[in-house]
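First up is the structure itself, then whatever we jot down about it.
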Amino acid sequence: MRLIVEPDDGVEPLLAVIALTKKTLDIKQFKFTEPSLVQATIDALRRGVHVRVMLNPTRSTGERDNDDIFRKLEAEGVAVRWTNPAFQVTHEKSLVSDGEQALISSFNFASKYFAKTRDYGILTSNPGLVNEISVCFEADWERKSFTPNPELPLVWSVGDARQRLSDFISSAEETLEVQHIKYVEGILLERLVEAQHRGVRVQILTGGLHGIPIRDVPETCASLRILHSAGIKVHAQKLPKLHAKLMLADGKRALLGSTNLHRHAFEVRRELSVIIDEESAIARLRSVFAADWQSSEYFLAPNPSEALADDPGAFDL
């Protein structure tokens, strides 16, 4: 298992994986626009690797990020498809090389995530995890159903991800460190408050209101204020800009991947996260979180009720 921390590690670990791929390469991405990764994928095809790429067609806002790359890959002969239409959005970011190594990440294959944003990824060669990610890729490629193995530490949406994240929060006994940008999910909010009330030291590291769709700003503000009122320390991270989705429990276990703390992540999106306890990866995650916390600032979100009272259109789309 290898932890990738962005922007510290850059794009090189992924380029290395693709360069060493000999037989098969399956890529599933929400956004795939980084030129070096696109070229590496094409180069893999040219040296005889069987390459398949699935790209998310549209964001929930209707924006289309991948049209140009879809056409380029198709023109180069890469087998490329849009992601499974059973899901409103495929937000999963994964890669499988030779059926032997897999990536699970919060970062997209786009330039800014390797240069400007705090993100995490896991490269694993665990056969069970690699096989399940491959099985899901095949199911989504063929537009078939997929049933995850609940015994594995992979957290899938749509599935039992809400329960898995809830259980992870409830498993914390002493500390819970959370590095997420979105807080639009009442069940998880209640679990965080409950953890604080039973004596767990909870720290919330947000991006402030950076990266929050305007439609989610009122609820995000309300959620962060509820956490603050419960006595939870809430800080805003400015640099690197926050895009990660990380929870650390007791400095021993971590849950990271593509899954936001947002109801849509559990109900209408394809997502993938993983629970890990590998010591060296956890140690680095703890170090990075501590450094980000140290450079962050206390954050009290604006009161959405007051903002709406002053300006009824304050949060209009």
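The values are calculated or read from the model by the stated rules, or taken from the named source; none is laboratory data. Since this is a predicted model, take the numbers as computed values, not measurements. Here the Cβ is made from the backbone with ideal geometry for all residues, glycine too, and neighbour counts use every protein chain on show.
Here are a few things to note about the model shown:
- Filtered residue count, segment 124-138, keeping only those that are surrounded by fewer than 20 Cβ atoms within 10 Å (Cβ to Cβ), touching a residue at least 24 places away in the same chain (Cβ under 8 Å) and within 24 Å of Ile69 (Cβ to Cβ): 1
- Of all residue pairs spaced 6 or more apart or on separate chains, those with beta-carbon atoms under 8 Å, a first member in segment 70-91 that is free of Cβ contacts under 8 Å to residues at least 40 places away in the same chain and a second member that is of a type in the set (Lys, Arg) and buried (at least 17 other Cβ atoms within 10 Å of the Cβ) are Val78/Arg52; Ala79/Arg52; Val80/Arg52.
- Looking only at segment 201-240, and only at residues there that are among the hydroxyl-bearing types (Ser, Thr, Tyr) and in contact (Cβ under 8 Å) with a residue 12 or more places away in the chain, the one that is surrounded by the fewest Cβ atoms within 10 Å (Cβ to Cβ): Thr220
- For Leu103: the one exception among (1) assigned to a helix (DSSP H, G or I); (2) buried (at least 17 other Cβ atoms within 10 Å of the Cβ): (1)
- Positions within segment 168-200 being part of a loop (DSSP other than H, G, I, E, B), small (Gly, Ala, Ser) and surrounded by fewer than 20 Cβ atoms within 10 Å (Cβ to Cβ), in sequence order: Gly199
- Only one of Thr206, Thr147, Thr220 that is among the polar types (S, T, N, Q), over 23 Å from Arg118 (Cα atoms) and not assigned by TED's automatic domain parsing to the domain that holds Arg59: Thr147
- Yes/no for Leu248 being outside any strand (DSSP E or B), in contact (Cβ under 8 Å) with a residue 60 or more places away in the chain and crowded, with 20+ Cβ neighbours inside 10 Å: no
Conditions (1) closer than 23 Å to Ser106 by Cα; (2) in the same structural domain as Ala86 (by TED's automatic domain parsing); (3) part of a loop (DSSP other than H, G, I, E, B), marked per residue:
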position	(1), (2), (3)
Leu227	no, no, no
Lys238	yes, no, yes
Thr259	yes, no, yes
Ile282	yes, no, no
Leu285	yes, no, no
Phe289	yes, no, no
Trp293	yes, no, no
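- Residue match in segment 296-310 (condition: at pLDDT 95 or above, farther than 22 Å from Lys112 by Cβ and surrounded by 15 or more Cβ atoms within 10 Å (Cβ to Cβ)): yes
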